Amino acid sequence: MSAVQTTSPTPDDTRKRGPLAEVLLSLLRSGTFLTGFAIVMFWVACALFGEHFAPYDPLADDIINALAPPSAEHWFGTDQIGRDVFSRVIVGSRDILTVAPLATLLATVAGTALGLLTGYFRGLVDDVVSRILEAFMAIPVVIVALLAIVALGTSKTTVIVVIGLSFAPIIARTVRSAVLAERELDYVAAAQLRHESAAHTMFVEILPNVIPPILVETTVRLGYAIFAVATLSFMGFGIQPPSPDWGLSISNNYGMIGGGFWWTVLFDALAIASLVIGVNLAADGVHGALND
Amino acid sequence: MTLFLLSIMVFLGGQVLPGNVGRAILGPFADQRAVDALNHTLGVDRPLLAQYWGWISNFVQGDMGTSYIFRSPVAPFVIDALGNSMKLAAVAFVLVVPIGILGGVVAALNLNRPLDRIISLGGLSVTVLPEFVTGIILILIFGVWLRWLPISAAWPRNAGFFTQLYYLILPSLPLFLVLFGYIARMARSGMIEALDSDYTRTAVLKGLPWRTVIWRHVLRNALLPTITVIATQTGYLIGGLVVIETLFRYQGIGSLIFTAARGKDFPMLESGILTIGIVYAVATLVADFLYSVLNPRIRLGSDQ
């Protein structure tokens, strides 16, 4: 009796976990993904625990030691009011790694809902919504962001909403084309014959089957979100002082670059570069694993 | 449609933004009567629809309104800035289109060999980096350490063509890098598809020389999708211009919008953004036209 009970769930289990385990395995075998994932995890660790292993307080100024070049005491030197650049680079990962993922999450949720609606209903809903989304996509994100942020004022919430909503149409387009293929399949017809509600068919029946393209699009968008957040912070429309954010630090210090104070901007620039490349390598890995 | 939506967005942005334009210009301590008077002069106390109609019909006739900050017509500023931006964009485009296509073609002809890996991965890496990051690194290398190129794009007055070009090389490089990856990737996948096609096999089996096959059969088909991509990149390019022009203190349309946004100079901001929208729409149109000219399979009706 007990033997039957313990064995019976197994075939069901493998059937359920089979594809997932396969995807995970191929992710672990992908050098691209592992490299990217390691870089991203390094910065996540810095964002979470940075202040515990940063040698100095990233906000503490020390005017006497201002603009000191890199030395044993200050590995990356100090900035114009004597703050330790090394500590600021470590802790500077925090804001961008909060804002960018939240913006991506918003874009994914809104984009998936829109994509399901337009793909499932087609017809008039699809035509109207798709035209509006297309028009939106034609406008550069930076411009939309600039307008919205000047209109609404600068705050982390504004940045999240602006980037989230600018990226939603792109995700909606991907989801829509996946739903268009899915809705012709028998299981959708079966659900409709059972008189399931449209919402049930969309979110319970179709949604689980379009997860892979959504996942790929989300990881790719995360890279662009980091790009956008960093750029907005650099322009002064993103993360605000006194945060040690990378883009913000560069914007505060690049004016002195002609004076040869390279250490005040180089390490922040390299930090952004490594994070963006890390996320994109990981996204490339996810894309490869899900499309094999 | 896009332009219409953009104009509405820009206009609403310009209206919701300040709350009270007169108050924003005169500051919190100004007399209420002065604020009302200024609002009336600027016309911002009229109903929204009337304001929109007045603004858009004037814009179409070339009157972009009066700058709140400079108290003079916006149009000359916008036209000057647009000219400067086009110079910068032209340098970037002239560099990136041939080199990007060449990169993609070389990668495809060396598929999965080390050269392909280097071009693909390198292209992907530089494409995803924000322009100001590559800009800063390039400034450090070429402007501060090697001292080969000027770190600001503001050339001396009355500079000749080559001097201007010399000042524009460094600012155009970050734009080049961002666009390179996209163009090379499209050219590469277009080439791979074309090399794999039946007509290429037929051409090879007919005994045509490899060079002729590549030039006449493969390239022509491979580069069609690339043209569309190049046109859509104008959008990214414009976004990049805002950043690059700020970084290099260049008086282009991007820095005009940025300065106007910071100074809450709404007529300037609205005109700048709408101008960019028009440039974008024209670029898309030109790309559609080029595509139909180069692709014999799509002929406009009158040709038949």
**Study point:** region A:98-160 versus region A:36-89: alpha-carbon centroid distance in Å
**Key:** 35
Review point. If R0 is 51 Å, what FRET efficiency do you get for B:Asp31 and B:Phe161 from their C-beta distance, rounded to 0.05?
Key: 0.45
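Net charge within 11 Å of A:Asn209 by Cβ-Cβ distance, Lys/Arg positive one each and Asp/Glu negative one each, not counting A:Asn209 itself?
-1
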Revision key, fill the gap. Rounded to whole angstrom, the alpha-carbon centroid of region A:208-285 lies from that of region B:84-144 at a distance of 19
Exercise for review: Search the structure for amide H atoms under 5 Å from the amide H of A:Thr78, placed 1.01 Å from N in the peptide plane, and list their residues when 5 or more places away or on another chain.
Suggested key: A:Leu67, A:Ala68, A:Val85
Revision key, fill the gap. Expected max-MSF residue from A:Ala178, A:Ala45, A:Ala107 in the GNM of chain A (alpha carbon, under 10 Å) is A:Ala45
**Study point:** For chain A, the longest site-free run once GluC sites (Glu not before Pro) in DSSP loop states with at most 16 other Cβ atoms within 10 Å are removed
**Key:** A:74-183
Practice item. Evaluate peptide B:145-152: per residue, the Cβ atoms of other protein chains within 10 Å of its Cβ; return the mean as an integer. Key: 1
Check your understanding: Considering every residue in A:105-117, what mean count of other chain Cβ atoms within 10 Å of its Cβ is obtained?
Key -> 0
Review point. Which FRET efficiency value, to the nearest 0.05, do you get for A:Ala45 and A:Ala72 by plugging their Cβ-Cβ distance into 1/(1 + (r/R0)^6) with R0 = 30 Å?
Key: 0.80
Review point. Looking at region A:75-179, which trypsin sites (Lys or Arg not before Pro) are DSSP coil and have at most 16 other C-beta atoms within 10 Å of their C-beta?
Key: A:Arg122
Exercise for review: Take the Cβ-Cβ distance between A:Glu196 and A:Asp126 as r, set R0 to 25 Å, and report the resulting FRET efficiency rounded to the nearest 0.05.
Suggested key: 0.75
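Neighbouring Cβ atoms within 10 Å as the yardstick, rank A:Asp127, A:Asp245, A:Asp57 fewest first.
Going from least to most buried by this count: A:Asp127, A:Asp57, A:Asp245.
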Exercise for review: Tell me what the protein assembly as shown gives for mean residue ellipticity at 222 nm when only DSSP H runs of n ≥ 4 count, each as -39,500 (n - 2.57), the sum divided by the residue total, rounded to 500 deg cm²/dmol.
Suggested key: -24000 deg cm²/dmol
Review point. Between B:Ser152 and A:Leu59, what is the spin-label point distance in nm, taking each point 7 Å from the Cα along the Cα→C-beta axis?
Key: 3.4
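Taken together, the values in this text are just the output of simple stated rules run on the coordinates, not laboratory data. Note that the structure is a prediction, hence the values are computed from the model and not measured. Methodologically, a virtual Cβ is constructed for each residue, glycine included, from the backbone with ideal geometry; neighbour enumeration extends over all protein chains shown.
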